[in-house]
Amino acid sequence: MAFQCQKQCYLKEFETTVISCTPAELNTTVNGKKDTLKGFNVILEDTVLFPEGGGQPDDRGFINDIPVLRVTRHGAEAIHFVQSPLEPLSKVHLKVDWERRFDHMQQHSGQHLITAIADLMFGFKTTSWEMGRQRTSIELDTTSVSREQVEVLEKVVNEKIREHIPVNVRVISMDDPEIEQVRSKDLPDDHAGPIRMINIVGIDDNMCCGTHVSNLSHLQAIKILGTEKGKKKKTNLFFLVGNRVLKYAEKSLTVEKALTALLKNGPEEHVEAVERLQKSVKLLQKSNLTLLKDLALLTVKNFKSDPNKGKIFILHRKEGDNEFMNIIANEISTEVVLAFLTVGDEKGAGLFLLTGQVDAVEELGTKVAEILDGRGAGKQGRYQGKANKMSKRPEVEALLQQYVLMLDTKEE
């Protein structure tokens, strides 16, 4: 069956009757965290809220004042998940989250248009598509799409938008011979009854269950963001339609203004200014590395010249890096039983290196990593890795002192 949302895509509110309301759970993921919500699955006589399908996400909205958190289709029924019960046979008022719905309509109709023109002009078949929250993508059955082809495709689809071409929805029976003329014939396994057709007049005819604009002019504009190599010798094409183009322009303008304030020049000079900064940073990094090397060698020299130097060498430096520690390790490992070197935050995260006699490092390396709440690996008298708790360095120092004391006791 066709739901009210499919018959009248621009309908924002609707009154209907509750058929059933049963306890249910909804598995969700928010910011990477999984959660299970308890609530109810509600079936209505009809609905203006689109259930997920055809590559288009489901709608959001309200039944009376109750938020609808998910809409899915099961056979000929749409299942609405809510967290408050509704009385069967009661009359209810539905309201669509129109901003979300219209965005989906624009992206979906835009996908149909791009798919059709890419096929007509270049013979590129669309094998799948995905409507993301930020951008939409089409998988094209071709190994590559040239920059010139992208430019032509974008130009032509926007010309079609300006031509004010109607987009019509009609329903035909399964045995209608016209089905053989449509571009795509994929149907859900549980589909039954008539088939819904989306026709962009003079351009495309395609089966689809989704919601669409009634005229290409409602797409406003299409911006193709680019392409990338896809799976199985295919190409992914990314694009924005309608209000997403405006939001993208607004975000870009905000970034442009921020860069203008930081770089103290006009937008046309931003790239040149950043390139100059990059060169300056590279020179500073090179100078800093030279100073760190000199400091490392000086540190080792001072230690070697100390008549009271012990069998353990311990050093922490906030500004150091792996290379700084390795320079010291190369110069000092034969002078001591153990050298414990760390760089980074004195109490938080950083890097560590344990070097010295092979037997000592093999015995203590993993213990050092555990104390610092880190991970590492090593061989041939070196064990290094990342640490999360540099505040535990005194415990490592105590462990090393205890180990050396044990060796001294054995020698006596």
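What the table shows:
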| read-out | value |
| --- | --- |
| Matching label, Cα Rg over 2.2 N^0.38 Å computed from the structure shown, candidates [x] 1.06; [y] 1.51; [z] 1.01 | [y] |
| Gyration tensor (alpha-carbon) shape descriptor, the stretch 318-377, a/c threshold 1.5 | oblate |
| In Hz, Karplus ³J(HN,Hα) per residue of the stretch 25-34 (6.51, -1.76, 1.60; θ = phi - 60°; x = Gly, Pro) | 10, 10, 7, 10, 9, 10, 6, x, 9, 7 |
| Kirkwood estimate for the stretch 102-247, i.e. one over the average of 1/r between Cα atoms, Å | 15.6 |
| Three-way shape label, the stretch 4-96, alpha-carbon gyration tensor, a/c 1.5 | oblate |
| Radius of gyration and maximum dimension Dmax of the stretch 307-411, Cα, Å | 12.6, 39 |
| DSSP H segments from the chain that extend 24 Å or more along their own axis, Cα-based, with Kyte-Doolittle mean of -1.0 or above | 98-122, 243-263, 270-305, 393-411 |
| Rounded, prolate or oblate (a/c below 1.5 giving rounded, otherwise prolate when a/b exceeds b/c) for the stretch 63-151 by Cα gyration tensor | prolate |
| Calculated log₁₀ intensity ratio I(q)/I(0) where the Debye formula runs over C-alpha points of the stretch 107-151, q = 0.29 Å⁻¹ | -1.19 |
| Relative packing of peptides 154-162, 288-296 - highest average C-beta neighbours within 10 Å first | 154-162, 288-296 |
| Net charge of Cβ neighbours under 14 Å - reference Ala349; Lys, Arg +1; Asp, Glu -1 | +3 |
| Cut-off 11 Å between beta-carbons: net charge of the residues surrounding Gln220, Lys and Arg +1, Asp and Glu -1 | +3 |
| Neighbour net charge for Arg135 - beta-carbon separation under 10 angstrom, K R +1, D E -1 | +2 |
| Over the chain, relative contact order from alpha-carbon pairs under 8 Å, at least 6 apart, % | 10 |
| Within straight-line cross-link reach of Lys155, lysines at Cα separation under 22 Å, skipping those fewer than 8 residues along the same chain | Lys125, Lys223, Lys247 |
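Every number here is computed from the coordinates shown, using simple stated rules; none is lab data. This is a predicted model, so every value here is computed, not measured. Cβ sites come from the backbone with ideal geometry, for glycine too, and all protein chains shown count toward neighbours.
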